[in-house]
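The values are calculated or read from the model by the stated rules, or taken from the named source; none is laboratory data. Since the model is a prediction, treat every value here as computed from it, not as a measurement. Reconstructed Cβ throughout: ideal geometry from the backbone, glycine too, with neighbour counts over all protein chains shown. Only protein heavy atoms, including side chains, enter the accessible area calculation; ligands, DNA and RNA are left aside. Shrake-Rupley method; radii C 1.70, N 1.55, O 1.52, S 1.80 Å.
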Amino acid sequence: MEILGNEENGFSRPWVIAGPCSAETYDQLYAVTKSVYKLGVKVVRAGVWKPRTRPNNFEGVGAEALAWMESIKKEIGVKFAIEVANAEHVELALKYGIDMAWLGARTTVNPFTVQEIADALKGTNIPVMVKNPVNPDLALWMGCIERIANAGIQEIAAIHRGFSSYKKTRFRNEPLWQLPIELKSRLPGVPLLCDPSHIAGDSSMIHEISQKALDLNYDGIMVETHPDPDNAWSDPKQQVSPGQLAEILKDLKLRQDTCDDSLFKSQLEELRNKIDSIDHDLVENLANRAKIIEEIGQYKKDNDVTILQIERWNKILRSRKEWGQPLGLNAEFIEELYKAIHSESIRKQTEIFNRTPQSPK
Ligand code: PEP
Ligand code: MN
């Protein structure tokens, strides 16, 4: 797939897309467009129809904002990107010459809606960005990208905006960085952008999350920017002012994706060899552990004892975290690791429990 936003499209990497959560009034949109354009931003985002989780919230001004965009573009050399959530949105966006569209997290989850949008996009060639679905389901995210690609759209990018979780964390939407990394490895030709605003839910975290995305070699960021964030009609806490955006952009460190220095290369290779050898031992140890699990499974089965022994499991979790702590290992990491090891152990033992006795030959 072609790279979205080549130079000719007004981009240089990393791409910075900025603009308000919602277009509210002509003056608000004009003011923010003018300010971010001065910072070098070439693509302005603005929600026109807002997918609100609960009713009775501001749901966007609708098609009226498309006319504002059309008129602002005559004066300021930017492109506008909006969210489309059904075929009618696509038709209106095209009618008003909107430059780019994105599918929101609540749309990506629904293959029927995605297909409807893909069908409406057929025969056009505007760049389309696909946000991750609200739930951490890589197949849905990829499926949405594939449906858009099958409609003939050539410039497609993915946007990582984090995932809802029942658990309260410091993020509005948990980033689960492993998922976008997996997307990147499965679809290497699809540029990946980060939306730190919806991951954070709080403007104070935008810099930190954007830097992390750039350090993971993302292709760009989409930052919600409002001329007066405190009085925004939607998502006030997470929007930055153009002044704050300027500070963030100034402070972000851009790192190259590789370095040709031969000393760097040889030292990195040496360290990577060490990692390979440690990982080899790790895998061998896991295999040895798995053999003992089989014995345990058989032993429990022979004695009619349940697979799950909750005291033992709690003890494993506690002790492994205690072992890791003086060694500088993060307790959450140990917990995640052991949850994976334990669930595999349960899977293996279940397999043993379900084995029917071999009939005598
Ligand atoms: C948005 O970009 O304003 C938006 C509604 O995002 P998401 O689909 O990520 O919730
Ligand atoms: Mn928003």
Legend entry - Residue check, Leu337 surrounded by 10 or more Cβ atoms within 10 Å (Cβ to Cβ), of a type outside the set (Phe, Trp, Tyr) and outside the structural domain of Gln178 (by TED's automatic domain parsing): yes
Legend entry - Verdict on Glu64 being farther than 30 Å from Ser164 by Cα, loosely packed, with under 14 Cβ neighbours inside 10 Å and in the same structural domain as Val48 (by TED's automatic domain parsing): yes
Inset, instruction - Name every residue in region 127-144 that is away from ligand 1 (no atom under 15 Å from the Cβ) and buried (at least 22 other Cβ atoms within 10 Å of the Cβ), in order of residue number. - result: Pro127
Inset, instruction - Only helices (runs of 4 or more DSSP H) wholly contained in region 201-308 count here; list those with 3 or more residues that are exposed (fewer than 14 other Cβ atoms within 10 Å of the Cβ) and not assigned by TED's automatic domain parsing to the domain that holds Trp15. - result: 262-302
Inset, instruction - Please identify the pairs in which a residue from region 310-336 that is hydrophobic (A, V, I, L, M, F, W, C) has its Cβ atom under 7 Å from the Cβ atom of a residue that is open to solvent by 90 Å² or more (accessible area, probe 1.4 Å), counting only partners at least 6 apart or on another chain. - result: Ala331/Gln325
Inset, instruction - Return yes or no: is Ala200 under 28 Å from Glu24 (Cβ atoms), at pLDDT 95 or above and touching a helix residue (DSSP H, G or I) at 6+ places or on another chain (Cβ under 9 Å)? - result: yes
Inset, instruction - Return the only residue of Val283, Val305, Val240, Val223 being within 30 Å of Glu351 (Cα to Cα) and within 30 Å of the chain's Cα centre (by Cα). - result: Val283
